[in-house]
Structure formats: C-alpha cells, structure tokens
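To start, the structure under review is shown below, and the notes come after it.
The values are calculated or read from the model by the stated rules, or taken from the named source; none is laboratory data. No experiment lies behind these values; they were computed from the predicted model shown. Don't worry about glycine lacking a Cβ; one is built from the backbone with ideal geometry, like all the others, and counts go over all protein chains shown. The accessibility values were calculated without ligands, DNA or RNA, using every heavy atom of the protein model including side chains. Shrake-Rupley method; radii C 1.70, N 1.55, O 1.52, S 1.80 Å.
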4 protein chains.
Amino acid sequence: MESADRPLAHAFASDAAIAAQFSMQAEIAAILEFEAALAEAQAELGIFSLEAGVAIREAVGRMGKALDHDDLRRGFARDGVVVPALVRQLREAVGAPHAASVHKGATSQDAIDTGLMLRLKPVVALLGERLDALLARLDAWTAEQGDSPLMAHTRMQAALPFTVAAKLATWRRPLLAHRARLAALPASTLAVQLGGPVGDGSSFGPQAAELSAALARRLALADAAPWHSDRTRILDIAQALAVLTGTLGKIGQDAALLAQSEVGALQLLGGGGSSAMAHKQNPVGAEVLVALARLNAGLAGTMQQAMIHENERSGAAWTLEWFVLPPMAEAAGAGLRLADALLTGARFTCRATA
Amino acid sequence: MESADRPLAHAFASDAAIAAQFSMQAEIAAILEFEAALAEAQAELGIFSLEAGVAIREAVGRMGKALDHDDLRRGFARDGVVVPALVRQLREAVGAPHAASVHKGATSQDAIDTGLMLRLKPVVALLGERLDALLARLDAWTAEQGDSPLMAHTRMQAALPFTVAAKLATWRRPLLAHRARLAALPASTLAVQLGGPVGDGSSFGPQAAELSAALARRLALADAAPWHSDRTRILDIAQALAVLTGTLGKIGQDAALLAQSEVGALQLLGGGGSSAMAHKQNPVGAEVLVALARLNAGLAGTMQQAMIHENERSGAAWTLEWFVLPPMAEAAGAGLRLADALLTGARFTCRATA
Amino acid sequence: MESADRPLAHAFASDAAIAAQFSMQAEIAAILEFEAALAEAQAELGIFSLEAGVAIREAVGRMGKALDHDDLRRGFARDGVVVPALVRQLREAVGAPHAASVHKGATSQDAIDTGLMLRLKPVVALLGERLDALLARLDAWTAEQGDSPLMAHTRMQAALPFTVAAKLATWRRPLLAHRARLAALPASTLAVQLGGPVGDGSSFGPQAAELSAALARRLALADAAPWHSDRTRILDIAQALAVLTGTLGKIGQDAALLAQSEVGALQLLGGGGSSAMAHKQNPVGAEVLVALARLNAGLAGTMQQAMIHENERSGAAWTLEWFVLPPMAEAAGAGLRLADALLTGARFTCRATA
Amino acid sequence: MESADRPLAHAFASDAAIAAQFSMQAEIAAILEFEAALAEAQAELGIFSLEAGVAIREAVGRMGKALDHDDLRRGFARDGVVVPALVRQLREAVGAPHAASVHKGATSQDAIDTGLMLRLKPVVALLGERLDALLARLDAWTAEQGDSPLMAHTRMQAALPFTVAAKLATWRRPLLAHRARLAALPASTLAVQLGGPVGDGSSFGPQAAELSAALARRLALADAAPWHSDRTRILDIAQALAVLTGTLGKIGQDAALLAQSEVGALQLLGGGGSSAMAHKQNPVGAEVLVALARLNAGLAGTMQQAMIHENERSGAAWTLEWFVLPPMAEAAGAGLRLADALLTGARFTCRATA
C-alpha cells in the first residue's frame, strides 16, 4: 500500500518489487556480497589466506542485523558513497587478524558498480517475466479476436482495413525483441567492476584479470575489463528500459486513439470516471503508459549526459546515474504492470468503422 | 531520517519539507480547501445559499480524520485523478440538502490544478527563504575574504587575477535574480484554475469570471482565465526551478574545479573520504550540485513535452507533469540545502596560483 | 529555394529569415557593430580620443567588402571564437594610430554575446509579427465560425459540446501571452555583455558601469551587469521559443485529432496525399507542428545543460548554446509559418459529432 | 568550405561527408534504388513480368538528370513525404505498359525507411573508418608514451599515479566497443522495410515475406518483418551515435582537465587564442567534444520520444526522427574528426604532478 506521504501519482510511476532492488537495504546487501565474494576469490587465488576469505564471508553473514544504518547514512552524506563507512563496519565485524583483508585492493566504485549489477539482475528478470505474461496475453487475444477486421490508421487517418491479428502483431514484435534484449543483458552487459582506486586493476597485482574472472564466476555476472569511467553498459541498460517503456507508450497511445468516442474500435474495461461528466470512460491506463514513455524518454537523454565522466571517476556523472536509473527501471516496471491491466480489460469491438 | 527502503542517493536529491507539499495528504488537503473556498465563493455570489457554503466549509473542516484513504487510492487508480472519489466522500460528509452544491460546476482539473498552485506557494516561499540564507552567506563571505586575490579561469585555463569579491559576485547575481523570479511567481503565475468540464467556464454560468476572481481572493492566488490545456505557467515554474538548480550546479562545478589538488584555491571542509585513498578529500557536495543541475536540466526538457496537450484536457501530458514537477522541486530544494552546507565549509585559500 | 544538399525535412524545420540572423555574415556584422559602438562609447566617456572612435566606426563601415572570410573561418576553427581573427582584421583596417583602441578592454565573449543579442532582436520581432498575423487569423476565424457548436474532448473522449469560439480561445490565449513575452524580451533580457577578460569589468577601469550603459544606449539593448557565466537570459529566450513552439504543437495535435476520419470536426485544406491510398488526406502541417514542438522541448532541456558553466567562461557550455539556439529559433519560426498555413486552410465542419 | 550563410559554429557540429548522405539528392537516389530493387525482386518472384522489372530499373537509371526537383519539393511540402511526387515522376519515365508496376504494393514509408537504411550504411562505415584511425592513433601514442607516469584523478582530485598506457586504455576500450557496435549494425539493425500501406505486408500478396527477403538481398540490407510503427532500430542507431559521441566528450573533458594551467599534464598543440589574453592556450577542440557529447545526449532523449507512434504510422513521430537523426550523425562524425585533430596535437608532459 502506498504511503500517504508520497504523491498520488507515485502509484502510477512506481513499482514496489523493482524499488526494493534500489533500496538502501538492497544496496548494502549487494555491496556486502561483493566484499564476501571478492575475499573468497582473493583467497582462492592465494592473494591471502583461505581463513581470511572464510572470516570475511562469515562476518558478512552476520552483518545483516548488526549494521549501524545511521552511521552508514552519515558516511554516505559525507563521502558521497557508502563504502568507506560500510567497510569500516565490516572490518570491525571481521576483527583481527583478517580485518585488513576486507576490500583489499578495491575501491568504492568496484563495490558500488558491481553491487548495482547484482541488483539489476533480478530487475531484468522481473521485467522479463512480466513481458512474458504480456506476450502470452497478446497471444491469447490474437487467438480470440485475431481474425476480426479492424480499420488501420496511418498519419491520424483511417487507412484500410486489416485484422486484429495484424494490429496485435505490431505490438507483439517489438515486445518480443525487447524480451530478447533483456534476456541478453546478463551475459555481457551486467558485468563485474574491478579496477581498484585508479581503475587499472594494478592494486590487485598481476592476478587482476584472473581475480576479476573469479569474482564474476562467484557472482554469476559477466566478466569485463574495468569500466569505471566508461558508462556504456549503464547506457545500454537505460536503452533497454527506454525502448521497452516506449513500446508500451505506443500501445497506450494506440489504445487511447482506438477507444476514442468517435472511433470506438477498442473497449477498455474499467475506464476512469469524471467528476463532472458521468458518461465518460477515460482511458486512464492508456494515458499513463504514454506519460511513462515520455518520462523514460527524457530520463534516457539525461542519462546520456552521464557518459561525460571526468578522468578516472566522476562523482557528478556517477551520482546523476543514481538519480536517473531507479526511476527509469520503476517506470518500466510500472508500465508493464499497467499494460497488463489495460490489455486484460480491452477488447476490440469489431464494429465497422469509417 | 531517510528510510532504508529508499535508495541511498535519495538523500541527495530529496527534500522532506518540499516533498511534504507533494504528498497525497497535502494534495487532498489542498483540493478540499479548493472545494470549500469554491463553495463559499459561490454562496457569496448567490449561486447557491450561504448555508450550503457554510455546510461545505464545515464538512471540509471535519474531513481530515474521516477520509477513507484506501477508497481515495482506489479512486485515483481507476479515474487517474482523485477528485471523483474525494467529491463523493465530501458529498457524503455534507449530506442533504447541500451535498449537490459540492464541486458545483467544477471539474477535476479545476480542483487539482488549483490545489497544486496552493501547494506550490509554500514551496516557492521555502526556496526563497533558503535563497535568502544563501545570499546572506555569500555576503558574509564577501565581507570576510572579498579583497583577497584569486586567479580567474576562462575556458579551463588560468586567465588573470581578480578578487574573491568579483568571483562571489558571479554566483550572487544570478541567485539574486532567481530570488526575484520566485518572489514574482505568486502574483501572476500561481493562479486559480476554474474552467469547468470543458474549460470555458460555462458550467458556472454568467458569473464564471466573477467567481474565478472571488475564488482567487479567497485562496490568495492570482486570478486567471482557464488554462486547462495551456501549461505555460507550469513550464514557467519548471524554468524557475531549473535555472535555480542550474546556477547551483555552476557553483558546484566552480567549487570542484577550484578545489582540485593542483589548483587548491578553495578549501572545502568535510570533503568526502575514499575507501581506498586515505589522503583524498572529495568535493562531494559540489559534485552533487552538478548532478542535481543536470537532473533538473533534463527534467525541464521532459516537462516541455507536456505542453502538447490533446484538446481540452490531456491525461497523458498532465500525468507527465505530476511525474516531473515534484522531483524538480525537490532537487531545487536539495540543491539549496547542499549549497548552503558546501559554502559554510568553504574558504578561499588565497595562496598564489598559476 | 531549399538546396538539394539539405535534407528534405529541412524545409519543415528551417526558416530562412531567422537563419539569416544566425549566419556567419550576420554574426560578423553584429560583432563589428559592437566594436564600433564600444569605441564610440569609450570615446564619448573620454577613455580615448573622439578621433579613435570615429576611425574605428569608419573602418567598420569599410570592412564589409574587405573581410577575409577564409581567415575568419580559420581563426574560428583555431580559437573557438571568431573575435581574435576579426579584431586583427579590424585593427589592420583602422591602422595607426588608433588600431590599439579597437576592442579595448573587451574580451571575445563581450563581442559575441552582445552580437547575439543584437541579432536576437530582429528574430524576436519577426516572431512577434508572425504571431500577430496568427492572432489576427484566429480572430477572423472566431468572427466567422465562433458561434458554431463543437464537441469538446477531454482525456481523448468526447466530453460536452461548446463553441468554436471557446475552442479557438484556448489556442489564442497562450499565443497572446507568448506575444507579450516576446515583446518584453528587448527591455530586459536582450542585454549588452561587457565584462572584459575575467568578467568583472575591471579592464574598462572605473567607468565600466557607465560604459556598459552607454554601449547599451548606442545598441538599443538593455543594460546589465556582466553575465559571462550566468546564462539565465539565454535560457529565458529558449523558454520563450519552447513554450511558443509547444503551443503551436498543441494546436497541431488538436487539429490532427479533430481532423481524424471518424471525428471529422475540422477540415484541413491541402492535406497531404499518400503514395498508396488515394483517398487519404493526411494532416501534414498539423503533424509537423507536433514534431517541431517535441524537437524544441528536447532542445530546451539540452540548453538547460548549458547553465553549468565552468568558472569565468566555459567554452563547452557556450559552444553548446551555439549548437542549440539557432535550430530552436528556426523551429519556432517554421512553426509559426506552418501554423499560419494550416489555419488558413482549416474550417470546422460544424456537423454534429458523437 | 563552409558557406557564410551558415552559423560559424556549424563548422564544429557538421560533417560534409555525412551530411551528403542526408541530402535531398541522396534521399531521392536511395528511394529510387529501393523502387528499382523492389521491381526487380517482384519480377524475380513472378509478381509481374521481368520486362516490367527491367523497364523500371532502366527508368531509374535515366532519372538522375530528368528529376524535377521543384516538383519534388512541392510534393514533400504538401504530402509530408516525397514519395507520391517521386513515384509519379518515375511512373511517367517508365511509361506504358509498366508504369503501374512502379511502387506496386508499397507505401511511402517502405521507400523512405529502406532508403534511410541504405544511406545509413555508408554513414556507419565512415564512422567506423574514422574510429579505426583514432584507435590506431591511440595505439601509436601508447607505444610512444605508454610507460610514462601520469597522475590519475578521481572525483576531481589527484588520486594515485598510474601510467599513460592505463589512461589511454580507458579511452581506447569504449571506442573499441563502439567500433564493434557500428560494425554489427548492418547485419541486423540496418534492415529493409516492406509493409505496404497498413504495414502488414498484405498488399504484396502471399509472397510478402519472400519479397522482403529478396529485396534485402538485392539491397544488401538485413531482412526484417515490417517495422513501420516500431522504431527500436532507429533508436539503436541513435544509441550507437550517442555513446560514441559521449565517449569522445569524455575524452574531451579529460583533455581539458589535464591541460589546465595548474595541472599541465597534457599539452594540446594549436590551442585557441584569446582576444584579450595573449598568454592563453584554450583547449578548443576538447571543449567542442564536450559540447557535441551534450548535444547528442539531448538529441538521443528527444529521439526516444519518437517511439510513441500513433497507430500504423505516425507523421509526427516520424518527422521528429528526420529532424534529429541527421544532426546526431553529423555530430558523431564531427566529433571523430575533431578528436583525431585533438589527439594528433596532444602529448603528455610527464612532469610530476601533485
């Protein structure tokens, strides 16, 4: 249930399951997982003792309840990243003699970017599942009404009749491609980050590349050369979210146009009421899909500004990503949820038009 | 205190005092105030009885505790606006014989847009107060260090020496202009909306213009012809927020540049620490100001897309405003708060450079 | 006539009269006018001799034919601004003993920003004249068809009938406000820039403020404190262009919706043909207005990024303005031209709908 | 040589070789090639006679000189697309009895979108070649100075020393990935469009899919199901342009930061002069790269708005693409050209810093 402290419209643009992956809690958990896996990988490669790896993993296992959230918040406010404060707490939990092995050779960005990728994995999976459901709904709809005639419209004018199946295919095809795009992200785009303070991996010694690969295996992420100041993969994730939300907006736009009083080709169940005109059935869900698409289009452009990193690490551009990516992912998730609801209640009237 | 359910970076882009004005609670309260003032104004003009006006005002006074928030949320999800459900609850609270006088002649958009303006007034006032404090801080700083020499930089190169006073003046002048811009908003831009279902005021009868003026007086907003599908004033508010955040971002950019290790012209107290490099003092606040400016620049462009309203009322474009304006206002508020903190801890070193 | 070297779509987004003000020729002429007026103002204030002022004005008068454009282009490519090369050519034309009085105390940005303002004045005037014509057309249309009934539409649904006059008023009111906004620009926003190398005016000596005022009088621009690194006035010009183009896009959107085959409320003469469907009348002009509005909305957001100037002068942010402002102004001009053509051929059918 | 009719800054954002592919001439030629190849493919599949295919190909071969450009421009202004006028001219050139076989089953969008893809192929190839040259330059530079020490900077502060090789690797890696992305576009993203009037291919009869494949083979484009209203592939091209320009902007930002007077780590030959300060060497090329990156970031977001197509074909969204894609491609091309010039004249000073 939405809190009354949030804007009413938050209900339309938000997605609790996706928001959960961007919460402070989830971020801390992902960073701790990074630290544990890094320590295990370093132990595995003999960079330090197996005992140190075990001790750090165990401390991470115990940290959940022991975390001092206020200290972490103060640390974030001061440092712009939560890692220094979190590493301090983790080192304390590990204690002597292995405390110094925590976060060894790593920098905040390694932990944060890798932690983000760990959290994007379930986000992408969730979006994929919802897309599957939406595609199944389109298939069922096609089976039910596909042969029915429908007036096609080009350039805001009635064009020629085609079929409901042909119409639904124009929605289905891009969604199928977006599904494949999401499915492909984990194999290459969702990758570990391991560059150390200046991003060249030198702080990890000669085994830096091996260590990155081992870390990737443990975290079930793709391996990659350090990408501290190359945000292309973040932009590709934003692109996946934007084109998906864009297609949903296109579906919403179509639905609103087809459901116009004078067109009447599409019936939207549960259309919204008006405070002044009892006869109206407003295509609320369809309109919100358009709004979400325009929102994510704009955010995608803002995210592109974050490509311009200063030198080895830009605090400004990086922080901008943190502002923009979560609402983009939530908008995509909300769009899929709303699209499913919209299409559930929609049927072509298949009466002759124009 | 931030909830652990929010992203860590939310602390940088959010502002609790401003968020409060965009909450569901504040929106409901503002809409109820609109309904009460509208009823009183209609009673004043003899459109209906004084008793009806009193009854509605009293019911509004009693509504706070009696509101069924779940019903309102369901209503919003269904109708895309909260007004139909809220008016139903209010009419029930008013009861016979005056229930029908509630929201008489009005449409959802009248209530929502006017309600937004009522809430933007304290937002604008709060930003103004923070700007005053920031300007006072700049004045004090100028008094303290103004005569000190400072190297000016143009096109990323040391140019010629000028003074700290000249430097601070380049920050102060636009902030002063933004202060005047904010102060001018209530007199014209923050206006009532009263157009009725199709936006021409005809549902209010021949006294529509008088009624709008009376309503404006009661709500201490500017009067205006109906602007349902003309979002210029929303865009002008967005512009005020964007140029303010932009100037703060410019100050942040300057601070980060002047505080570079090799330049050392500005000392930022409380700079952020690094998890890997103990010697570093990262200009966190300065970087966040840049990120907020780029965020609001992008959101300003997204908001411009909302100018393209369909016909007498666009659900899609209007919903887009609701997604974009609150984060813009919060980012401006957060920027002022962070700028104040940044400048509090900043001093020019006034050592010779270049 | 458009050149075949340009994209076909250039015809829709361009405006020759406005483009002329952004040409290299116009920029050079405006900068030379700045240099002549500056010299005369300096002579007037006794900063140097009256003879020097006369000599520089005369040289400027002779420069038109004598300019070495290739040298200027090379200078621009090298320096990022044309002023150093242009000042060199002007000093040569002035010759001894007054050559050194050319551009005295000034910096490239003074010449370029003031020169831009000189060229924006006719741009703004031209847009205003076209707006006047469009407003007159709306008035005539209202006189002709104003009393006719028309179905109003809200949220993509037929709402209630109103009149053509009420409909046209929703287009007219924002255009009228934009007209006033354009008319107000010269008095305050279109201002001289005179800051000298580091933007504090010190290079002009104790008479800097007097000189700025004198220059403003001579150039018929507003006076202003130096605004080298405060781009608010450029953003306000962009805002004027964006909201104007946005309203034109809203009119286009309405026209396309009302002219839909199934709605048939608006007849657009000269609608576009289709290569495949001879029966179609595509609302080309209306669609292009929407496209121009979305273009300028995006450009407005991009322009906001230019607020973040580095220190006393940012080459990057300034260059970004040069990329963005001309297409925005042309799109606004093209929109007015296309809107006029669209409305010329449009008539409400005033047949009953829905 | 740039015309004096263009803005001076056009020299920085334009690219003649790329602009040539977006010219009216190139568009007409590509559409004619589509029509010829379509006719040949239809003849090959027995949809009409081989003679008709030959006649159309021959007419296309003769059209170059015979085109009535003024008629085409008038047609474009009226129809919003050039195809109806062009097909009329082509049919006239073909004459009886094969005139009716011209453009058979096709719609304007088939010709225009396929024609765009034909022209994007050399654009992509050209960008790829320039990228190769830039990568080669980076390799040579690495060979020359790679072992030299350099201070790394994170969050606008000196961090720790690394090497020039490590620095250049952070520029090289994303460019290499962008190179691969460009190289991959022709195989899948650059695809034929063949949907007919309502986008379902039905106008081509039962052989629609075969015909599309045959057309793709003849044009050396990828085959694809009709994508009239699914603009994902256009967005993916925009993404390729934006991330490329973004990386170039990041390189420019780095160069400007490293070349600061106080840092002095990078020497930029041919830096720009100042009209007021003879000692300055402004990093003009570096700044322009940043400006181009911010321009393309904004345009990428604007392009995303074009995902929201209305029904089977949106005139508005499609026209928006035509406004945005050419300047994006030119900005990418200009960026590569400027980056090459910048890096040619750049050398790390390799003096100790901070």
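Before we move on, is B:ALA100 of a type in the set (Gly, Ala, Ser), at negative phi and within 14 Å of chain C (Cβ to nearest Cβ)? Criteria not met by B:ALA100. When residues of region D:284-297 are filtered for being in contact (Cβ under 8 Å) with a residue 40 or more places away in the chain and more than 12 Å from chain A (Cβ to nearest Cβ), how many remain? Residues meeting the conditions: 2.
If you scan region A:299-354, which residues turn out to be within 13 Å of chain D (Cβ to nearest Cβ) and closer than 30 Å to A:GLN267 by Cα? Let's see the steps before the verdict.
Going through region A:299-354, the residues within 13 Å of chain D (Cβ to nearest Cβ) turn out to be A:299-321, A:324, A:328, A:331-332, A:335, A:353-354.
Listed by number, the residues that qualify are A:MET328, A:ALA331, A:ALA332, A:GLY335, A:THR353, A:ALA354.
Could you check region D:192-207 and list, in sequence order, the residues that are in contact (Cβ under 8 Å) with a residue 60 or more places away in the chain and surrounded by fewer than 23 Cβ atoms within 10 Å (Cβ to Cβ)? Give the steps one after another, and end with the answer.
Within region D:192-207, the subset in contact (Cβ under 8 Å) with a residue 60 or more places away in the chain is D:192-199, D:203-205, D:207.
Passing the criteria: D:SER203, D:GLY205, D:GLN207.
Residue count for region A:164-181, restricted to those that are in contact (Cβ under 8 Å) with a residue 12 or more places away in the chain, touching a Ser or Thr at 6+ places or on another chain (Cβ under 7 Å) and crowded, with 20+ Cβ neighbours inside 10 Å: 5.
A quick yes/no check of all residues on (1) within 21 Å of the chain's Cα centre (by Cα); (2) closer than 21 Å to A:VAL288 by Cβ:
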position	(1), (2)
B:SER314	no, yes
B:LEU320	yes, yes
B:ALA331	yes, no
B:ALA339	yes, no
B:LEU342	no, no
B:GLY345	no, no
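Please pick out the residue among D:LEU168, D:LEU175, D:LEU150 that is outside any helix (DSSP H, G or I) and more than 9 Å from chain A (Cβ to nearest Cβ). Among D:LEU168, D:LEU175, D:LEU150, only D:LEU150 is outside any helix (DSSP H, G or I) and more than 9 Å from chain A (Cβ to nearest Cβ).
Listed here are the residues, each with its yes/no results for (1) in contact with a Ser or Thr (Cβ under 6 Å, 6 or more places away or on another chain); (2) modelled with pLDDT of 95 or more; (3) of a type outside the set (Lys, Arg).
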residue	(1), (2), (3)
C:GLN239	no, yes, yes
C:GLY249	no, yes, yes
C:GLY252	no, yes, yes
C:LEU257	no, yes, yes
C:GLY270	no, no, yes
C:ALA276	yes, no, yes
C:GLN281	no, no, yes
C:ALA286	no, yes, yes
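Out of region D:300-354, which residues are among the basic types (Lys, Arg) and either open to solvent by less than 10 Å² (accessible area, probe 1.4 Å) or out of contact with any helix residue (DSSP H, G or I) (no Cβ under 9 Å at 6 or more places or on another chain) (or both)? Steps first, please.
Taking region D:300-354 as the starting set, the residues that turn out to be among the basic types (Lys, Arg) are D:313, D:337, D:347, D:351.
The one that is among the basic types (Lys, Arg) and either open to solvent by less than 10 Å² (accessible area, probe 1.4 Å) or out of contact with any helix residue (DSSP H, G or I) (no Cβ under 9 Å at 6 or more places or on another chain) (or both): D:ARG351.
Just wondering, is there one or more residues in region D:219-229 that are out of contact with any His (no Cβ under 7 Å at 6 or more places or on another chain), closer than 30 Å to D:LEU138 by Cβ, hydrophobic (A, V, I, L, M, F, W, C) and open to solvent by 10 Å² or more (accessible area, probe 1.4 Å)? Let's see the steps before the verdict.
Within region D:219-229, the first condition is being out of contact with any His (no Cβ under 7 Å at 6 or more places or on another chain), and the residues that meet it are D:219-228.
Then drop every residue that is not closer than 30 Å to D:LEU138 by Cβ, which leaves none.
Among the residues of region D:219-229, not one is out of contact with any His (no Cβ under 7 Å at 6 or more places or on another chain), closer than 30 Å to D:LEU138 by Cβ, hydrophobic (A, V, I, L, M, F, W, C) and open to solvent by 10 Å² or more (accessible area, probe 1.4 Å), which makes the answer no.
Quick check, is B:GLY105 on the phi > 0 side of the Ramachandran plot and open to solvent by less than 10 Å² (accessible area, probe 1.4 Å)? It is false that B:GLY105 is on the phi > 0 side of the Ramachandran plot and open to solvent by less than 10 Å² (accessible area, probe 1.4 Å).
Do we have A:HIS153 as at pLDDT 95 or above, more than 17 Å from D:GLY199 (Cβ to Cβ) and crowded, with 22+ Cβ neighbours inside 10 Å here? It would help to see each step written out before you state the result.
Details: at pLDDT 95 or above: yes; more than 17 Å from D:GLY199 (Cβ to Cβ): no; crowded, with 22+ Cβ neighbours inside 10 Å: yes.
Considered against the rule, which asks whether it is at pLDDT 95 or above, more than 17 Å from D:GLY199 (Cβ to Cβ) and crowded, with 22+ Cβ neighbours inside 10 Å, A:HIS153 comes out as no.
Taking the criterion of being of a type in the set (Gly, Ala, Ser), in a loop (DSSP other than H, G, I, E, B) and either open to solvent by 30 Å² or more (accessible area, probe 1.4 Å) or touching a strand residue (DSSP E or B) at 6+ places or on another chain (Cβ under 7 Å) (or both), the residues of region C:21-59 that qualify are C:GLY46, C:SER49. The condition of being more than 28 Å from D:ALA306 (Cβ to Cβ) and in contact with a helix residue (DSSP H, G or I) (Cβ under 9 Å, 6 or more places away or on another chain) holds for only one of D:ALA222, D:ALA165, that being D:ALA165.
State all residues of region C:220-245 that are out of contact with any strand residue (DSSP E or B) (no Cβ under 7 Å at 6 or more places or on another chain) and under 22 Å from C:SER202 (Cβ atoms); if no residue qualifies, say none. I'd like the intermediate steps shown before the answer.
Filtering region C:220-245 for residues out of contact with any strand residue (DSSP E or B) (no Cβ under 7 Å at 6 or more places or on another chain) gives C:220, C:225-227, C:230-232, C:234-245.
C:ALA225, C:PRO226, C:TRP227, C:ASP230, C:ARG231 - these are the residues of region C:220-245 that are out of contact with any strand residue (DSSP E or B) (no Cβ under 7 Å at 6 or more places or on another chain) and under 22 Å from C:SER202 (Cβ atoms).
Would you check if there is a residue in region C:211-227 being outside any helix (DSSP H, G or I), within 7 Å of another protein chain (Cβ to nearest Cβ) and at pLDDT 95 or above? Reasoning before the result, please.
First, pick out the residues of region C:211-227 that are outside any helix (DSSP H, G or I): C:220-227.
Narrowing further to those that are within 7 Å of another protein chain (Cβ to nearest Cβ): C:225.
Now restrict to residues that are at pLDDT 95 or above: C:225.
Yes, region C:211-227 contains a residue that is outside any helix (DSSP H, G or I), within 7 Å of another protein chain (Cβ to nearest Cβ) and at pLDDT 95 or above.
If you go through region A:269-322 and keep only what is among the aliphatic types (A, V, I, L, M) and assigned to a loop (DSSP other than H, G, I, E, B), you end up with A:LEU269, A:ALA276, A:MET277, A:ALA278, A:ILE308. Taken over region D:115-150, the residue count meeting the criterion of being open to solvent by 10 Å² or more (accessible area, probe 1.4 Å) and closer than 30 Å to D:ARG218 by Cβ is 11.
Is it fair to say B:ARG88 is open to solvent by 10 Å² or more (accessible area, probe 1.4 Å), within 13 Å of chain A (Cβ to nearest Cβ) and more than 28 Å from the chain's Cα centre (by Cα)? Give the derivation first.
Values: open to solvent by 10 Å² or more (accessible area, probe 1.4 Å): yes; within 13 Å of chain A (Cβ to nearest Cβ): yes; more than 28 Å from the chain's Cα centre (by Cα): yes.
Yes; evaluated as a whole, the condition is true for this residue.
Restricting attention to region D:240-274, the residues being among the acidic types (Asp, Glu), open to solvent by 10 Å² or more (accessible area, probe 1.4 Å) and at the interface with chain A (Cβ under 8 Å from one of its Cβ atoms) number 0.
If you go through region B:1-20 and pick out every residue that is part of a helix (DSSP H, G or I), farther than 22 Å from B:ARG294 by Cβ and facing chain A (nearest Cβ under 8 Å), you end up with 1.
Could you identify the single residue in A:ARG233, A:ARG172 that is farther than 20 Å from D:ALA300 by Cα and of a type in the set (Lys, Arg)?
On the way: A:ARG233 fails: farther than 20 Å from D:ALA300 by Cα.
Sole residue among the options that is farther than 20 Å from D:ALA300 by Cα and of a type in the set (Lys, Arg): A:ARG172.
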